Amino acid sequence: MKYIIIGLGNFGASLSEKLTKLGNEVIGVDSNMSKVEAIKDKITHAVNLDSTDITAVSSLPLKDTDVVIIGIGEDKGANIMATALMKQLHVKRLISRAVSPLQEMVLQAMGVDEIIHPEEETAERWAKKLNLSGVVDSFEVNRDYSIIETEVPEEFDGRTLEEIGLKRQYDIIVLTTIKITREKNEIGADRQVSNVQGVASAKTILHKYDIMVLYGHNKNIKRLLKDQEKY
């Protein structure tokens with residue numbers, strides 16, 4: 001996977017390094033030359049440019065990049081402007097950082113569905129979430145076991161957990177399911193709302209586009225996600 005991470009503060013730099021160590025190509029971008037110098041030997045490429053300047057940003061390999069992450073934190077104006085430029089340039093997948101509820105509402109109004117809250121979410125958690133195909137979110141219990149959220153695949157739609165047999169096939173437990181709906185926020189923009197459905201049982205019916213929360217050994221989770229990619 002190829003990532004561009006704009007903003008190399010503590011969160012952006014940490015995420016850049018972790019994604020690089022996981023075998024991804026990472027281009028780190030910052031307007032502060034000292035931050036670029038500090039990380040240039042730890043990631044694939046480090047670039048010094050103004051991410052609010054469309055001419056400068058257009059020099060980045062955006063069309064060949066899988067994910068663009070706006071990690072700018074302190075300068076909310078630069079964050080919004082950089083996000084707006086990426087929307088204008090139609091990048092494949094855009095994730096932006098919010099440090100306040102108002103900023104989050106503005107990002108949602110701009111059509112950004114994936115928002116990072118670094119004060120609540122670690123760079124390690126996001127690195128794992130981004131690096132595993134199909135993972136919506138994850139929480140590492142220890143080095144071997146994790147709890148992850150993943151979308152219900154189409155082949156599971158309308159079937160019970162008993163029928164699917166994830167415990168039998170993969171030794172994975174489904175803890176709960178989450179129904180995803182959309183509603184308007186305070187400024188009238190659409191936002192995604194997660195509704196937890198309670199403790200799952202053998203009779204729980206899965207529905208496409210919902211989220212299932214899984215617990216298991218990392219190798220079994222990876223095997224399940226890899227098998228789902230085949231469908």
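Collect the residues in region 1-16 that are surrounded by fewer than 22 Cβ atoms within 10 Å (Cβ to Cβ) and either within 18 Å of V57 (Cα to Cα) or not hydrophobic (A, V, I, L, M, F, W, C) (or both), keeping them in residue-number order.
K2, G9, N10, S14
Residues in region 131-151 that are at pLDDT 75 or above and closer than 22 Å to T177 by Cα were compared, and the one that is surrounded by the fewest Cβ atoms within 10 Å (Cβ to Cβ) is Y145. Of all the numbered requirements in (1) at pLDDT 95 or above; (2) closer than 21 Å to K76 by Cβ; (3) in contact with a Leu (Cβ under 9 Å, 6 or more places away or on another chain); (4) not charged (D, E, K, R), I39 misses one, and that requirement is (2).
On the given criteria, is L49 of a type outside the set (G, A, S) and within 17 Å of the chain's Cα centre (by Cα)?
no
Reported count of residues in region 37-48, each being among the aliphatic types (A, V, I, L, M) and either free of Cβ contacts under 8 Å to residues at least 12 places away in the same chain or buried (at least 19 other Cβ atoms within 10 Å of the Cβ) (or both), is 3.
Here is a yes/no grid of residues against (1) over 27 Å from Q103 (Cα atoms); (2) crowded, with 19+ Cβ neighbours inside 10 Å; (3) free of Cβ contacts under 8 Å to residues at least 12 places away in the same chain; (4) of a type in the set (S, T, Y):
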{"position": "K18", "(1), (2), (3), (4)": "no, yes, no, no"}
{"position": "S31", "(1), (2), (3), (4)": "no, yes, no, yes"}
{"position": "S51", "(1), (2), (3), (4)": "no, yes, no, yes"}
{"position": "T55", "(1), (2), (3), (4)": "no, no, yes, yes"}
{"position": "L62", "(1), (2), (3), (4)": "no, no, no, no"}
{"position": "D66", "(1), (2), (3), (4)": "no, no, no, no"}
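Across region 180-189, the number of residues qualifying as at pLDDT 70 or above and open to solvent by 70 Å² or more (accessible area, probe 1.4 Å) comes to 3.
The values are calculated or read from the model by the stated rules, or taken from the named source; none is laboratory data. Being a predicted model, the structure only gives us computed values, none of them experimental. Reconstructed Cβ throughout: ideal geometry from the backbone, glycine too, with neighbour counts over all protein chains shown. For the accessible areas, the whole protein counts, side chains as well, though only heavy atoms, and no ligand, DNA or RNA atoms are used. Shrake-Rupley method; radii C 1.70, N 1.55, O 1.52, S 1.80 Å.
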